[in-house]
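Remarks on the structure that follows.
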Amino acid sequence: MNDNWKTIAMNSEKKQSSIAFVIGASSVGTLIEWYDFYIFGMLATILSKQFFPAEAGTAALLSTLAIFAAGFIVRPFGALVFGRLGDLIGRKHTFLLTLVIMGGSTFAIGLVPGFKTIGWAAPIIVLVLRLLQGLALGGEYGGAATYVAEHAPAGQRGFWTSWIQTTATLGLFLALGVIILIRSNQGVENFSAEWGGWRYPFWISILLVGVSVLIRMRMSESPMFTKLKSEGKTSANPLKESFGNKANFKMVLLALFGAVMGQGVVWYTGQFYAQSFIETVCKIDFIQSRNIMLVAILMATPCFVLFGWLSDKLGRKWIMLLGMFLAICTYRPIYKEFIAITSAKNRTQIVDARLTNVGPKIPLIDAKDKHKLYVRQVIDTVYTDGSVFKYTITDTLIGFNELGVDRPINLINPTLIKYKAIKPNVVIEKTMGKSATWDIIWLVFIQIVYVTMVYGPVAAFLVEMFPTKIRYTSMSLPYHIGNGVFGGLVPFLGTLIVEFTKTTEKPAGDVLAGLWYPIGVATISLIIGIVYLSNKMDKNVMD
């Protein structure tokens, strides 16, 4: 009897060890692919200045966000290409290929010269490389999630696949951490130069990919796929069986519109739109805005596993839909609170006159037009709670002659003997005190908890919807349309919607208007999910 128990215990321990290796090997590669994919978004403001004309301003940022979004839009095509390969030749070899393509494309972005050097060729090359990134990621996630799910024991699929779900957020965490570390050591100017430190995160990618490829080469094929292949039951045409079969195509549409579409916009609002908002609207400085995201992500990441585990007990449907419902109800109050916390008008703290510094007015000659003259002044307003609001005020000087006729300052024209300043341009950069910083962290944390609710159970949910022989293809397409198209467009469309609200009377526009896009998409998905999704879990996915 004791020998039997020992044998059972040893087999159980071996099985758990095997699953742990599967999770670890799959997760490392997937985490690196997410890291590769997201460093572009994290550096969007710098990339817009490097790969577009300096004078393009907001148009350059929108163009960079559009290139960022292009990587999301092609993800469904990657899902079709690599999903088909995964169902034909196997999971392991397919996501080895996607890893190499992703790593090579990311490394190459770090090698592209700036607009000043090669002109419009720069953004075109970057766009092509970004499209390759999107195609690779389109094939990666479905393979990793399917591979893990097909190794996991029945009744624990939500728990084990939730570890893969953490990699998207941890990849973002890694990207943020690397960027902050390099920028802190180099300083703003060196980091932002054409061949500055912003390129290092792209170059580091090739080392990470090399390590991951070595780990993944030790992996064996999925046992379910191996069994199908040995029995000669693999699909001859995964695309046709996935989307030509009416019943299966109906499940693809239901997965997309009833779950993944809403999950996608909640994911990208909570992690990308939040960071963009606190940096560009609330004007929190580069380093602090990313530190806020790092802390909130670190605090919330265990919830992926928590909700994955809960989905094994309670079902997937209601956990995901509850996350969408909470996001819909609270997004606007949360973002209003961001504004309230960081607004100078709403501050109840007293300005600390001892530490507040009013810098001298420094005349500057325009770098391009030597006839233009500016006066710049920096004022650091320090509050008693430790917050620092840095105002950089730039006046454009207008000259006028004895007749009072206005014209731009001309330093070589002595007839313009007087000048006056027109409406100044004011740039604000805020570093919040400890209390205010934690208030913002908690607001971001709440949004990322919503992300974990909708995203933690979704891999198991998708795996259980489709048969093994076409699972890679069938689950990859709705996932990447929901996340790549509906979710990936959140930063771009949110920014664009706000631009449309700007008027002469209200130059800043309605800064909360961009939230209507994720709220609207999540609402549609919530209604469809409530009406049509089942909460039943499929214990046997070997079908």
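Using label points projected 7 Å from each Cα along Cα→Cβ, tell me how many nm separate T503 and L322, to one decimal.
Spacing of the two 7 Å Cα→Cβ label points: 4.3 nm.
Students often get this wrong: which residues of the range 324-339 have the backbone nitrogen under 20 Å from the point 7 angstrom along Cα-to-C-beta of I530?
Those under the cut-off are 324-333.
Based on other C-beta atoms within 10 Å, arrange F272, F243 from fewest to most. All intermediate terms of the calculation are to be shown ahead of the outcome.
Numbers: F272 22, F243 17.
Fewest-to-most ranking of F272, F243: F243, F272.
By count of other Cβ within 10 Å, fewest leading, how are R216, R183 ordered? Kindly include the intermediate steps, with their values, before the conclusion.
Details: R216 18, R183 23.
Ranked by crowding around the Cβ, least crowded first: R216, R183.
Checking the table K345/K506; K283/K502; K434/K506; K116/K502; K361/K434; K345/K390 against a 22 Å threshold on Cα-Cα, which pairs fail?
Details: K345/K506 17 Å; K283/K502 18 Å; K434/K506 32 Å; K116/K502 31 Å; K361/K434 31 Å; K345/K390 15 Å.
Distance filter (> 22 Å) returns K434/K506; K116/K502; K361/K434.
Could you tell me which trypsin sites (Lys or Arg not before Pro) in the range 323-369 are loop residues by DSSP with no more than 13 other beta carbons within 10 angstrom of their beta carbon? The partial results should precede the final answer.
On the way: sites: K336, K345, R347, R354, K361, K368; in loops: K345, R347, R354, K361, K368.
Answer by residue number: K345, R354, K361, K368.
Semi-axes, largest first, in whole Å: what does sqrt of 5 times each Cα gyration tensor eigenvalue give for the range 140-194?
Details: eigenvalues 288, 22, 6 Å².
Value: 38, 10, 5 Å, ordered largest first.
Work out how much length I350 to L127 would gain on full extension: take 0.36 nm times their residue separation and subtract the Cα-Cα distance, in nm to one decimal. Write out the running numbers ahead of the final one.
Values: separation 223, 0.36 × 223 = 80.28 nm, distance 4.82 nm.
Here the answer is 75.5 nm.
For the range 30-36, in order, what is each residue's ³J(HN,Hα) by Karplus, 6.51 cos²θ - 1.76 cosθ + 1.60 with θ = phi - 60°, in whole Hz (x at glycine and Pro)?
Computed from phi, the couplings for the range 30-36 are 5, 4, 5, 5, 5, 4, 4 Hz.
Want the number for L253 to N185: 0.36 nm per residue separation, take away the alpha-carbon distance, what's left? Kindly include the intermediate steps, with their values, before the conclusion.
On the way: separation 68, 0.36 × 68 = 24.48 nm, distance 4.82 nm.
That works out to 19.7 nm of additional length.
May I ask you to compute the full-extension gain from N245 to I379, defined as 0.36 nm times their residue separation minus their alpha-carbon distance, rounded to one decimal in nm?
41.6 nm
Quote the FRET efficiency, to the nearest 0.05, computed for A513 versus S18 with a Förster distance R0 of 56 Å and r equal to the Cβ-Cβ distance. Mind dumping the intermediate values first?
Details: r = 51 Å, r/R0 = 0.90.
For A513 and S18, the calculated efficiency is 0.65.
Please find the FRET efficiency linking H93 to T523, where r is the Cβ-Cβ separation and R0 is fixed at 35 Å, and quote it to the nearest 0.05.
With R0 = 35 Å, the Cβ-Cβ based efficiency is 0.30.
Amide H of G196 versus every other amide H placed in the peptide plane: which residues, excluding those fewer than 5 positions away on the same chain, fall under 5 Å?
Here the answer is none, since no amide H 5 or more places off falls under 5 Å of that of G196.
From the backbone phi of the range 103-118, what are the Karplus-calculated ³J(HN,Hα) couplings (6.51 cos²θ - 1.76 cosθ + 1.60, θ = phi - 60°) in whole Hz, Gly and Pro given as x?
Listing the rounded values in order: x, x, 5, 5, 4, 5, 4, x, 9, 6, x, x, 4, 4, 8, 10 Hz.
By count of other Cβ within 10 Å, fewest leading, how are H151, H93 ordered?
Sorted ascending by nearby Cβ count, the order is H93, H151.
Using per-residue counts of other Cβ atoms within 10 Å, averaged over each peptide, order 119-128, 476-485 from highest down. Kindly include the intermediate steps, with their values, before the conclusion.
On the way: 119-128: 16.3, 476-485: 26.6.
Highest mean packing first, the order is 476-485, 119-128.
Just so you know, all these numbers are worked out from the coordinates, no wet-lab data involved. All values reported here derive from a predicted model rather than from experimental measurement. Glycine also receives a Cβ, built like all others from the backbone with ideal geometry; neighbour counts cover every protein chain displayed.
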